[in-house]
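See below for the structure under consideration.
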Amino acid sequence: MATAAGGSLAAQVTVAGGFGFIGAALYTTNQLAEQIAIARSVLGGAGNTPLKIGVGFLGWVLDENEEEGRKAIKVTLDSGVVGIWFAFGNDLYKWVEVVRKHDVENGKRTLIFVQFGLLEDVRIAVQDWKVDVIVAQGAEAGGHGFGAAPALKTLLPSVLSITPKDGPIVVGAGGITTGKQIADILSLGATGVAIGTRFCLTPESVYPEAAKQAIIAATSDASVRSVGFDQVAGYLKWPKGIDGRALRNDSLDGFEKGEDIEVLRSKYKEAYLRSDTSRIMVWAGASVGLMNEIKPAKELVEELWRECLASGQQTPSLLLSDEFKTSRDTIDDSVLSMPLRSVHEESLLQPTAKEAELNTTNSFSLPNPNHSGANLNGGGNTTGWLLSLGSLKLLANSLDPSQRSNYPITEPQRNVITVAVAQAQAELERLHGTQSTPGETEGTYRLRLALQDFIHEHEALLSWS
Ligand SMILES: Cc1cc2nc3c(=O)[nH]c(=O)nc-3n(C[C@H](O)[C@H](O)[C@H](O)COP(=O)(O)O)c2cc1C
């Protein structure tokens, strides 16, 4: 998040088990290097050893001064940053190639995130760009976005439907501010979520104090999408189709009433000097009405995880559902509805008629924490695993194995994944092991393959420490 996320915020999100980003757009290359150094001082490690944060760049800003853009990317990668995020440019692929070239020259693989709100853009990135993560940005998102983007819960299933199993992972963004919303988005098939506005309300965020207070005071109808914000502020170089979501204020009201744009701009400039939020832009997402206090980023991430788990989703079931997301089209619907749905304890103890029926056919039985034998609540990081699974798996693929000891798997994470693997193995046994049986359905066949993949990938993660 440009103007809000520097090295301190990014590092604290990572410390808590998430994956923090610095928003590079408005920093000079030297300022960016300083912010990366701040993150390094928090996260430790020497020189260019992997630094588990990302840096986000705006494509159109890089295009403005290509030489400086290349320098900023090189400084970022040479400092060990493991992820790069690109958005809002007319030729983002050019910058993806800059990163990949640097990777080849330096024998590593950087995680590349690209953010889109339109399906056509996603399709090209998935097919041709070989990026690692697609951030599906719904219309609820704070800051700049795609004027024609649908709401996140509409966009996400479409993005997942065109993303192959061996393609990038998909992360949802836009209006997410509670753990319950996170669980909701994960249950739709996203591997993770990207949250912006809520993290503006942290002491580590460099968002101006007046903007933080305006978000706290904002009611649920205060955040609106418009091209008017950029018009008044004079930010006119954003690519076609991009507008912004911010808090309604006198600048936007004046723009909508057709007041003289030059007068509005001059009032804006004066207000800027006073940090007067009645005229300056406070970029903020549709969930502003749900947030009302500043709290440390680490505490916030931990709270979101707790809420996510408490919302009724059981961790192993979500881990499994994530694995199944790309096989969804080919597996029988009745089978898939089991691991993908929200699991409540009552239904675990007392199977419904439908579950009983499915359990005697080819269904995937529900994980039961009461019978698992492992302590799923054994530590604060249990839920951390839930959200960071995607980034850990990506890191596992991208890191030199000798570097993996920098990212140890915690005991609670190990417990959760052990339970999930054991459940998958038991289920595979129930399907008569790895061999196909005569006359088995396409659904069973696919389920068998998915289970084998799941076990293989997760055993590999267990051996990582
Ligand atoms: C203050 C602010 C700055 C942002 N800056 C950027 C940016 O530089 N690059 C980008 O791709 N997205 C940026 N975004 C959008 C986020 O990437 C993300 O899509 C959005 O914050 C998600 O919605 P939420 O704010 O409702 O959580 C920004 C958002 C905010 C609120």
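Rule-based calculations on the coordinates, nothing more; no lab input. Owing to the predicted nature of the structure, the values given are computational and were not obtained by experimental measurement. Every residue, glycine as well, gets a Cβ built from its backbone with ideal geometry; the counts of neighbours run over all protein chains shown.
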**Residue selected from region 190-210 under the condition more than 8 Å from the ligand (Cβ to nearest atom) and in contact with a strand residue (DSSP E or B) (Cβ under 8 Å, 6 or more places away or on another chain), by the criterion nearest to residue 9 (Cα to Cα)** = 193
**Request:** Go over the candidates 16, 39, 25 one by one and state the one that is more than 15 Å from the ligand (Cβ to nearest atom) and without any contact (Cβ under 8 Å) to a residue 60 or more places away in the chain.
**Result:** 39
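Pick from 45, 17: which is part of a loop (DSSP other than H, G, I, E, B), buried (at least 21 other Cβ atoms within 10 Å of the Cβ) and out of contact with any Cys (no Cβ under 8 Å at 6 or more places or on another chain)? It would help to see each step written out before you state the result.
Details: 45 fails: buried (at least 21 other Cβ atoms within 10 Å of the Cβ).
Answer to the selection: 17.
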**Asked** Which of the residues spanning region 450-465 are free of Cβ contacts under 8 Å to residues at least 12 places away in the same chain and either in a helix (DSSP H, G or I) or touching a helix residue (DSSP H, G or I) at 6+ places or on another chain (Cβ under 6 Å) (or both)?
**Response** 456
**Message:** Looking at (1) more than 10 Å from the ligand (Cβ to nearest atom); (2) touching a strand residue (DSSP E or B) at 6+ places or on another chain (Cβ under 8 Å); (3) under 30 Å from residue 101 (Cβ atoms), which one does residue 128 not meet, given that it meets all the others?
**Reply:** (2)
**Asked** residue 154 is checked against (1) among the β-branched types (Val, Ile, Thr); (2) away from the ligand (no atom under 14 Å from the Cβ); (3) within 28 Å of residue 94 (Cα to Cα) and fails just one. What number does that condition carry?
**Response** (3)
**Prompt:** Quick one: in region 157-175, which of the residues that are under 23 Å from residue 215 (Cβ atoms) and in contact with a helix residue (DSSP H, G or I) (Cβ under 6 Å, 6 or more places away or on another chain) is nearest to the ligand (Cβ to nearest atom)?
**Reply:** 174
